[in-house]
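Here's the structure we're looking at; comments come further down.
The values are calculated or read from the model by the stated rules, or taken from the named source; none is laboratory data. Since we're looking at a predicted model, the values are computed, not measured. All Cβ positions, even for glycine, are placed from backbone atoms using ideal geometry, and neighbour counts span all protein chains on display. When the accessible area is computed, the model is the full protein with side chains, heavy atoms only, and any ligands, DNA or RNA have been set aside. Shrake-Rupley method; radii C 1.70, N 1.55, O 1.52, S 1.80 Å.
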Amino acid sequence: MTKKIVVLGSLNVDSIMKMPRMPLVGETMALTNVTTAPGGKGANQAVAAARQGADVSFIGAIGNDANGQFMRATLVNNGVNVDHLKTNGDVPTGSAFIMLQDDGANTILIHGGANQALTTADLDHDLIIDADLIIAQFEVPYAVILAAFELAHNHHVQTVLNPAPAVYELTPELMAVTDIILPNETEAQLLTGIEVVNDEGVLNRVTDALQAKGAKRSIITLGAAGAFVADGQRRWWAQPEKVVAQDTTAAGDTFIGTLASVIASDFSNLDDAVKRASIASAIAVTRPGAIPSIPTFDEVEAYS
């Protein structure tokens, strides 16, 4: 049965600046390339889920500008339902400035724009109640995420939280209605205060800290090192095959959208869902761009 997913999230037009390495403070450096592409964690995750065969609807906001129409068309062209996408004429569509190094690592600056103007009034209650799962990131206001997750939780809809960027606290109220939290290593460090390194003992400590905040299940994505997964006290390190990374921009979002598309209603297939998400993410990093890099169902199947 096709999984019905709602993505509550961000839409950004990405300006991708390619450079040999990050410049030092005060240094002037020539870029090797500059491109523009559709992005935003919400958009990336929605497209990733849709390309894996899920029935995806989007709750978010764009500005009344060319970038907004560009992002709307991007979602439509990728099979995402935009009936609940709000146009806000008071602020511009969100934007992101991605500094991409030759080794594939990236640093991202965000201007929230319409994403941050989203309100609880923009939530479609019937859409959320009728879904199987809802995903949210921290690129939209906290109050909107909490209201959506409380509604979902009360109607037995799965909730997946990507606390990126780590700008809000993991409050008891939010954690009580979150089924899976999915930070990367940087976000996990900011949220717990523990320096995250690829060491099982350290990752267990970070997981303990997330559970102390109320996390039921956590998946810490670690880039090329894979993901450290916890379902209660059952914990494991999922380490995918190595690939040569070209652009890691959409790696985490591809992982999340793919996982959401295949996770069972009782989370009983978490192991297999993480494996599939890891494969999809590994494929994505071998390609340039965010949305253009996200693989299809058949491409993931071919590597499974």
Accessible surface of region 51-159, 1.4 Å probe, proportion on carbon and sulfur as whole %
49
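Per the 1.4 Å probe, what fraction of the accessible area of region 168-304, in percent, lies on carbon and sulfur atoms? Let's see the in-between values first.
Values: 2980 of 5860 Å².
Of all accessible area on region 168-304, carbon and sulfur atoms account for 51 percent.
Can you figure out the FRET efficiency of Val167 with Met1, using R₀ = 30 Å and their beta-carbon distance, to the nearest 0.05?
Details: r = 36 Å, r/R0 = 1.19.
Working from the Cβ atoms, E equals 0.25.
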Please identify which residues in region 139-176 have an amide N closer than 16 Å to a label point set 7 Å out from the Cα of Asp124, following the Cα→Cβ vector.
148, 152
Three principal axis lengths of region 147-304 [C-alpha, angstrom, descending]:
39, 36, 28
Karplus couplings for region 13-23 from phi (6.51 cos²θ - 1.76 cosθ + 1.60, θ = phi - 60°), rounded to Hz, Gly and Pro as x?
8, 8, 9, 9, 10, 8, 8, x, 7, 5, x
For the pair Asp208 and Gln101, how long in nm is the line joining their label points, each one 7 Å along Cα→Cβ?
3.1
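What number comes out for accessible area per residue over the chain if the probe is 1.4 Å? Units Å², please. Each step should come with its number before you reach the end.
Details: 12660 Å² over 304 residues.
Ligands and nucleic acids excluded, the figure is 42 Å² per residue.
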For Thr32 and Asn154 in one chain, what is 0.36 nm times their gap in residues minus the Cα-Cα distance, to one decimal in nm?
38.9 nm
When all C-alpha to C-alpha distances in the chain are sorted into bins of 20 Å, what percent of pairs does each bin hold, rounded to whole numbers?
36, 60, 4
Assign one of three labels to region 90-200, namely rounded, prolate or oblate, based on the Cα gyration tensor with a ≥ b ≥ c the square roots of its eigenvalues; rounded applies when a/c is under 1.5, prolate when it is not and a/b is larger than b/c, and oblate otherwise.
oblate
Using 27 Å as the Cα-Cα cut-off, could you pick out the over-long pairs in Lys4/Lys41; Lys18/Lys242; Lys4/Lys216; Lys18/Lys86; Lys18/Lys275?
Lys18/Lys86; Lys18/Lys275
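Taking the Kirkwood radius as the inverse of the mean 1/r across Cα pairs, report the Rg/Rh of region 1-132.
Looking at region 1-132, the ratio lands at 1.04.
Once you sort the root eigenvalues of the Cα gyration tensor of region 25-64 as a ≥ b ≥ c, which label holds: rounded (a/c under 1.5), prolate (a/b larger than b/c) or oblate (the other case)?
prolate
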